[in-house]
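Asker: Sending over a structure as structure tokens; questions will come in a sec.
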Amino acid sequence: MTQQEFVNNNYKIKEPRLVARKFLAKPQHEGVGAVVRRSIGRFELKYFDPFLVLDEFSVTAPAGFPDHPHRGFETVTYMLQGAVTHEDFEGHKGTIEAGDLQWMTAGRGIVHSEMPASQGTQKGLQLWINLASQNKMVEPRYQEILSKDIAEAMKDGVKVRVIAGEALGTKSPIYTRTPTMYLDFILKPGSHLQQPIPKSWNAFVYVLEGEGIFGNQKSQPISSHHILLLGYGDGLEAWNKSSKQLRFILVGGEPLGEPVVQFGPFVMNTQEEIDQTIDDFENYANGFEKARHWRSQSALSLDY
């Protein structure tokens, strides 16, 4: 497809991607008292290049994700309900609410906390995107977009929020070091979607609400909390044949094709690099210097 066809969404899918595998993301405990439905980064699906983890999280104070480090990848937090406050050792602090987005490049090192910022249950999605070897030690960076500033488009009963990449002629301003698309779709009953995806990319769907038919309209409907790994093709076709709205995210990315060695919140290319990362973290070096004297306000408030 040409770039102009992609932007104008005039490209007609010639080879729809079919569902190659699907999993139901079951609840598990993570952080301190939080509950997540993990679909990537679990036993059955350790890695889906370039995606390391996808969590649908649910957290109610005082539970949360207190001070913890990262190196070697990006975290994308997209709030669905409530609000979460983020703090890190660089002095960055902010709160993202329902519909807001934070795209954090951990790079060479960050220590941060993510804690509930309002009453009730906070819900959202967190995606970990791997970085290529040449980008793993870049300086940390944040891109935060309020809900009102996320690009949206609507056509023929299909609404999309363009978090990264482009859809229905609308493009996101988010910069992705690893080429990525991240689209939040709502399909009204009876609507049909055709969304181009670069052929060389890996892509998946995660269903948030309702039930939909994906890839082949003769397929069985798939309901919420399922992840669908898409096979080869030039785009996704989806149908909402139910009486309620269908909401799902479509995420795609260019595979890195590099070795992955992970130790918890550290993701590098070799065991030697992981060993060095652990040493750096324990000795407050090579990107973790500020961790020596830093604790988040949420952690300090728990001290007696």
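The values are calculated or read from the model by the stated rules, or taken from the named source; none is laboratory data. Bear in mind the structure is a predicted one, so any value in this text is a computation, not a measurement. Cβ: placed from backbone, ideal geometry, glycine included. Neighbour counts: every protein chain shown. Calculation scope for accessible area: heavy atoms of the full protein, side chains included, ligands and nucleic acids excluded. Shrake-Rupley method; radii C 1.70, N 1.55, O 1.52, S 1.80 Å.
Asker: Does G94 satisfy the criteria of being within 23 Å of R177 (Cα to Cα), of a type in the set (G, A, S) and outside any strand (DSSP E or B)? Let's see the steps before the verdict.
Answerer: Numbers: within 23 Å of R177 (Cα to Cα): yes; of a type in the set (G, A, S): yes; outside any strand (DSSP E or B): no.
It is false that G94 is within 23 Å of R177 (Cα to Cα), of a type in the set (G, A, S) and outside any strand (DSSP E or B).
Asker: Working only within the range 94-110, note down all residues that are in contact (Cβ under 8 Å) with a residue 24 or more places away in the chain, open to solvent by 10 Å² or more (accessible area, probe 1.4 Å) and farther than 24 Å from Y206 by Cβ.
Answerer: Passing the criteria: G94, R108.
Asker: List pairs: first in the range 11-31 and assigned to a loop (DSSP other than H, G, I, E, B), second modelled with pLDDT of 95 or more and open to solvent by 70 Å² or more (accessible area, probe 1.4 Å), Cβ under 8 Å, 6+ apart or cross-chain?
Answerer: That search, which allows pairs on different chains as well, returns E15/Y232; R17/Y232.
Asker: Identify all residues within the range 98-137 that are of a type in the set (G, A, S), modelled with pLDDT of 95 or more and touching a helix residue (DSSP H, G or I) at 6+ places or on another chain (Cβ under 6 Å); write none if there are none.
Answerer: G99 - this is the single residue of the range 98-137 that is of a type in the set (G, A, S), modelled with pLDDT of 95 or more and touching a helix residue (DSSP H, G or I) at 6+ places or on another chain (Cβ under 6 Å).
Asker: If you don't mind, there's one more thing I want to ask. Got a number for residues in the range 178-203 being buried (at least 19 other Cβ atoms within 10 Å of the Cβ) and among the charged types (D, E, K, R)?
Answerer: 1
Asker: Which condition number in (1) at pLDDT 95 or above; (2) in a strand (DSSP E or B); (3) of a type in the set (S, T, N, Q); (4) closer than 27 Å to G257 by Cβ is the one that Q143 fails?
Answerer: With (1) at pLDDT 95 or above; (2) in a strand (DSSP E or B); (3) of a type in the set (S, T, N, Q); (4) closer than 27 Å to G257 by Cβ applied to Q143, the lone miss is (1).
Residue-wise test of (1) in contact (Cβ under 8 Å) with a residue 24 or more places away in the chain; (2) open to solvent by less than 10 Å² (accessible area, probe 1.4 Å); (3) more than 16 Å from I40 (Cα to Cα); (4) small (G, A, S).
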position: N216; (1), (2), (3), (4): yes, no, yes, no
position: L236; (1), (2), (3), (4): yes, yes, yes, no
position: N240; (1), (2), (3), (4): yes, yes, yes, no
position: L246; (1), (2), (3), (4): yes, yes, yes, no
position: L250; (1), (2), (3), (4): yes, yes, no, no
position: G264; (1), (2), (3), (4): no, no, no, yes
position: I274; (1), (2), (3), (4): no, yes, yes, no
position: E282; (1), (2), (3), (4): no, no, yes, no
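A quick yes/no check of all residues on (1) over 28 Å from G257 (Cβ atoms); (2) at pLDDT 95 or above; (3) not polar (S, T, N, Q):
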| position | (1), (2), (3) |
| --- | --- |
| R177 | no, no, yes |
| L187 | yes, yes, yes |
| S191 | yes, yes, no |
| P196 | no, yes, yes |
| A203 | no, yes, yes |
| Y206 | no, yes, yes |
| E209 | yes, yes, yes |
| F214 | no, yes, yes |
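Asker: Out of (1) more than 27 Å from M137 (Cβ to Cβ); (2) among the hydroxyl-bearing types (S, T, Y); (3) surrounded by fewer than 19 Cβ atoms within 10 Å (Cβ to Cβ), what's the single condition that is false for Y47?
Answerer: It is condition (1) that Y47 fails.
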